[in-house]
Structures are given as structure tokens and as C-alpha cells.
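The values are calculated or read from the model by the stated rules, or taken from the named source; none is laboratory data. Here the structure is a predicted model, which is why all the values come from computation and not from measurement. Glycine gets a Cβ as well: all are built from the backbone with ideal geometry, and neighbour counts include every protein chain shown. Quick note on the areas: whole protein, heavy atoms, side chains included, nothing else; ligands and nucleic acids left out. Shrake-Rupley method; radii C 1.70, N 1.55, O 1.52, S 1.80 Å.
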Amino acid sequence: MAGPLLHDLTEYPQMHKRKLSEETLRKFGYKCYLKNNEVWHVAPYFNKNLDLIAQHLRGPGKKFLWRGCNEGVQLFGQQLWNNSGAKRVVVTEGEIDCMTVSQVQDNKWPVVSIPGGVGSAVQAIRDNLEWLSGFETVVLCFDSDEPGQKAVKEAAQLLPPGKAAIARLPLKDSSDMMVAGRSKELMDC
């Protein structure tokens with residue numbers, strides 16, 4: 001437990017630099033929290049019963065904190081998608097990348113992210129393997145840096161044979177691709 005859940009959240013953060021729309025932020029429930037004149041971004045996390053049980057906060061200088069209980073959380077955004085009959089899901093390394101890939105697909109196709117950064121990838125895939133296995137293809141779209149590429153190989157090994165596909169990004173991550181005006185190329189990856 002890392003403190004109680006926050007309830008005095010403001011509406012959706014200005015994400016013009018990341019080119020994320022209010023529609024995308026609203027879909028994922030991504031909001032803001034103001035603390036000591038600092039803006040913290042708040043990503044909601046749910047359990048398998050669809051109860052809000054944790055919030056992942058991103059503060060100035062890429063400081064990260066958890067509120068609530070992050071044990072037993074689903075992948076970020078998982079509560080939005082039904083895997084029955086769905087062909088593909090994309091799994092990203094972070095919440096912003098998740099929302100980026102979703103927005104590039106008009107927020108119509110399943111995209112989720114691992115909850116605690118690249119270090120939690122293997123456990124997050126293991127914990128949500130049954131849900132992920134309901135898709136024909138699981139596209140792992142992690143950062144192109146060394147930790148991301150190491151984690152993507154380990155995560156792919158957990159999936160049933162033939163399910164994993166690994167996206168290879170020419171820039172660091174999905175968000176950088178969209179900001180650089182390379183959204184179509186992002187989908188091709």
C-alpha cells in the first residue's frame with residue numbers, strides 16, 4: 001500500500017507536447033493531480049473485478065509513485081477491451097505509449113501497457129497471460145533502448161508459441177514516433 005487513492009483529481013492534462021487528445025485521455029481515465037504547485041499525471045489501474053485499486057502517478061522529472069494497492073492490477077487499459085474475437089492486442093512499455101498507439105488507431109483497437117515500467121514486464125505478462133492468450137497475436141511494442149529490448153525478448157517467451165510479434169521502432173518509443181509525425185510508420189512497425 002502506497003497511500004490512499006486520490007479523489008480530488010482535475011480533468012485531463014494538457015498533453016499537446018505528446019500530441020495526445022482529450023478524447024484519448026478521457027477514454028483511458030488519465031487525469032491530473034496538483035500537489036505543491038506541481039502537476040502529477042494519474043493513470044488508473046483496475047483488478048480483474050474491474051475495481052479501481054491503484055493509481056500510478058508521474059510527476060516532474062519523471063518521478064513515479066503508486067497510490068492504493070498495485071498488487072493484482074491488470075495491464076493499464078485492460079478494462080477497456082474485450083478479447084473475445086479480437087485478433088490483436090498491442091502491449092507497450094508505458095501508459096503514454098499505450099495511449100499513443102491507441103490514438104493512432106482511432107482508439108478502436110486493444111492497446112495496453114505494463115504497469116511498472118520495463119522491470120515489471122515479465123511479471124505483468126505472466127499475471128495477465130490468460131487474457132493475452134485470448135488474442136491471435138500479441139504485439140510487444142517496448143522501447144527500442146537496451147532494457148526495453150531485453151524485456152521484450154523475455155516477455156515474448158512467456159506467450160504461447162506463434163502468438164508473440166515484436167515491433168521494432170526506429171525511434172525510442174511510440175510517443176516519439178507520433179511526436180515526430182511518423183504515426184503511419186509506427187503502425188507499420
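Relative contact order for the chain: what is it in percent, counting Cα pairs under 8 Å that are at least 6 residues apart?
It rounds to 17 percent for the chain.
I want the local charge near Tyr45. Using Cβ-Cβ distances under 11 Å, sum +1 for each Lys or Arg and -1 for each Asp or Glu among the other residues.
Summing Lys and Arg as +1 and Asp and Glu as -1 gives -2.
Express the Stokes-Einstein translational diffusion coefficient of the chain in µm² s⁻¹, to the nearest whole number, given a Kirkwood radius over alpha-carbon pairs, 10 °C and a viscosity of 1.306 mPa s.
D, rounded to a whole number, is 95 µm²/s.
Could you order Asp106, Asp173, Asp51 so the one with the most accessible surface comes first? Probe is 1.4 Å.
These residues rank, largest area first, as Asp106, Asp51, Asp173.
Give Lys31/Lys87; Lys27/Lys48; Lys48/Lys150; Lys27/Lys172; Lys19/Lys172; Lys87/Lys163 a once-over and call out the pairs whose C-alpha atoms are over 21 Å from each other.
With Cα atoms farther than 21 Å apart: Lys31/Lys87; Lys48/Lys150; Lys27/Lys172.
Rounded to the nearest 10 degrees, what's the angle between the helix 95-104 long axis and the longest principal axis of the chain, both from Cα atoms, 0 to 90?
The helix 95-104 is inclined about 60 degrees to the chain.
Using mean Cβ contacts within 10 Å as the protection proxy, how do 108-119, 136-147 order, highest first?
108-119, 136-147
Could you grab the relative contact order for segment 131-189? Cα pairs under 8 Å, six or more apart, rounded to a whole percent.
After rounding, I find 36 percent.
Take each of the peptides 177-183, 40-46, average the number of other beta-carbon atoms within 10 Å over its residues, and list them starting from the highest.
In descending order of packing, they fall as 40-46, 177-183.
Given Cβ point charges of +1 (Lys, Arg) and -1 (Asp, Glu) and nothing else, what value in debye, to the nearest 20, does the dipole of the chain about its Cα centre take?
160
Going through segment 37-103, which trypsin sites (Lys or Arg not before Pro) have at most 15 other Cβ atoms within 10 Å and a DSSP loop state?
Counting only loop positions with at most 15 other Cβ atoms within 10 Å, the trypsin sites (Lys or Arg not before Pro) in segment 37-103 are Lys48, Lys87.
Using only Cα atoms, tell me the angle between helix 146-158 and the longest principal axis of the chain; keep it within 0 to 90° and round to the nearest 10.
60
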